[in-house]
Amino acid sequence: MSQRPIQDIRPMIQEAFHALGVSESELDQMQDTLLIQDGRFTGRTFRAGNLMAMFMVDIGLIQVYAEHGELLKTYSTHAAPAATQPQSKAA
């Protein structure tokens, strides 16, 4: 199963943030940071409004967190249509 290209991740994050209540003006000011470990790109973090998302390259996941660290949603970055649906956290 292939992963989505890196350039497709930012729109996925913006869509997830918007669905969770982040305004358009906050999305316009979204900040992202590259995560590098031992000289290797391992992911990115994104921040907008009161939310933070982490994209983990090696496992192909995006996790969206609330302001105080509560995990809100997990998304797969794999290209298969069923795998791109949001997964709510377990009860």
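What the table shows:
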| item | result |
| --- | --- |
| Test result for residue 59, surrounded by fewer than 17 Cβ atoms within 10 Å (Cβ to Cβ), at pLDDT below 95 and under 12 Å from the mean Cα position of the chain (by Cα) | no |
| The stretch 29-43, subset among the polar types (S, T, N, Q) and either out of contact with any Lys or Arg (no Cβ under 7 Å at 6 or more places or on another chain) or closer than 11 Å to residue 10 by Cα (or both), residue surrounded by the most Cβ atoms within 10 Å (Cβ to Cβ) | 42 |
| Hits in the stretch 11-46 (condition: of a type in the set (Gly, Ala, Ser), assigned to a helix (DSSP H, G or I) and either within 20 Å of residue 61 (Cβ to Cβ) or under 16 Å from the mean Cα position of the chain (by Cα) (or both)) | 16, 19 |
| All positions within the stretch 58-78 that are touching a Gly at 6+ places or on another chain (Cβ under 7 Å), without any contact (Cβ under 8 Å) to a residue 40 or more places away in the chain and part of a loop (DSSP other than H, G, I, E, B) | none |
| Residue 46 vs. criteria free of Cβ contacts under 8 Å to residues at least 60 places away in the same chain, more than 17 Å from residue 22 (Cα to Cα), crowded, with 18+ Cβ neighbours inside 10 Å and of a type in the set (Phe, Trp, Tyr) | no |
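The values are calculated or read from the model by the stated rules, or taken from the named source; none is laboratory data. This one's a predicted model, so the numbers in the text were calculated from it and none came from an experiment. Glycine also receives a Cβ, built like all others from the backbone with ideal geometry; neighbour counts cover every protein chain displayed.
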